[in-house]
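What follows is a short report on a single structure.
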Amino acid sequence: MSSGDNIELYIPQRPPFVFIDTIDEVSTELARTLFTTPAGCPLISDGILPLAGLVENAAQTCAVRAGYTAGNKIGYIGAIKHMQTLRLPHVGETLTTEARLIQEVLNISLIECTTHVRDELIATTILKLVVMD
């Protein structure tokens with residue numbers, strides 16, 4: 001769908017802290033992004049993207065959905081629930097992350113995120129995202 005400069009229309013982060021390469025799909029209910037972990041990523045340690053990188057990738061995928069729905073407003077993570085990490089990704093692996101809306105009340109969204117490398121599920125979580133007016 002989009003890549004590179006277009007991503008900055010949806011999320012407030014800027015390089016080198018952008019953890020999305022491509023927006024594969026975005027709607028009011030779902031965002032799907034792709035991110036190939038680069039060796040030069042600021043969070044990479046010993047060739048592995050740590051948990052903080054997986055959380056940031058999920059949060060930015062949620063921000064894509066929020067940016068599509070509400071415009072590029074400031075938001076923050078209100079809570080991280082039920083984080084399950086099955087394994088951490090290595091440099092060069094492509095993450096496919098989906099953020100699916102569970103519930104939305106006013107400016108607070110509950111979003112289920114899943115991250116895969118190819119067909120392998122590597123992480124799941126539920127994020128509470130708050131978008132400021």
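The values are calculated or read from the model by the stated rules, or taken from the named source; none is laboratory data. In this text, all values refer to a predicted model and were calculated from it rather than measured experimentally. Note: ideal-geometry Cβ built from the backbone for every residue, glycine included; neighbour counts use all protein chains shown.
Scanning segment 87-107 for residues that are small (Gly, Ala, Ser) and within 15 Å of Tyr68 (Cβ to Cβ) turns up just one, Ala99. In segment 30-38, the count of residues that are hydroxyl-bearing (Ser, Thr, Tyr) and touching a Pro at 6+ places or on another chain (Cβ under 9 Å) is one or more. In this structure, does Gln60 turn out to be under 12 Å from the mean Cα position of the chain (by Cα), touching a residue at least 24 places away in the same chain (Cβ under 8 Å), at negative phi and in a loop (DSSP other than H, G, I, E, B)? So Gln60 fails the test. Just name the residue that is nearest to the chain's Cα centre (by Cα) out of those in segment 1-29 that are assigned to a helix (DSSP H, G or I) and of a type in the set (D, E, K, R). Ranking the qualifying residues of segment 1-29, first place goes to Glu8. The criterion of being at pLDDT 95 or above and among the acidic types (Asp, Glu) does not hold for Glu8.
Scanning segment 118-130 for residues that are at pLDDT 95 or above and part of a strand (DSSP E or B) gives Glu120, Leu121, Ile122, Ala123, Thr124, Thr125, Ile126, Leu127, Lys128. Does any residue of segment 30-47 turn out to be out of contact with any strand residue (DSSP E or B) (no Cβ under 6 Å at 6 or more places or on another chain), farther than 25 Å from Gln103 by Cβ, modelled with pLDDT of 90 or more and part of a strand (DSSP E or B)? Checking segment 30-47: at least one residue is out of contact with any strand residue (DSSP E or B) (no Cβ under 6 Å at 6 or more places or on another chain), farther than 25 Å from Gln103 by Cβ, modelled with pLDDT of 90 or more and part of a strand (DSSP E or B). Within segment 68-78, the presence of a residue that is buried (at least 19 other Cβ atoms within 10 Å of the Cβ), modelled with pLDDT of 95 or more and outside any loop (DSSP other than H, G, I, E, B) is excluded. Taking the condition at pLDDT 95 or above, among the β-branched types (Val, Ile, Thr) and either buried (at least 16 other Cβ atoms within 10 Å of the Cβ) or assigned to a strand (DSSP E or B) (or both), does Thr97 pass? Answer is yes for this residue. Any residue at all in segment 107-117 that is in contact with a Leu (Cβ under 6 Å, 6 or more places away or on another chain), among the small types (Gly, Ala, Ser) and not in a loop (DSSP other than H, G, I, E, B)? Yes: one or more hits. Please verify whether His116 is free of Cβ contacts under 8 Å to residues at least 40 places away in the same chain and more than 20 Å from Ile11 (Cβ to Cβ), treating the condition exactly as stated. Considered against the rule, which asks whether it is free of Cβ contacts under 8 Å to residues at least 40 places away in the same chain and more than 20 Å from Ile11 (Cβ to Cβ), His116 comes out as yes.
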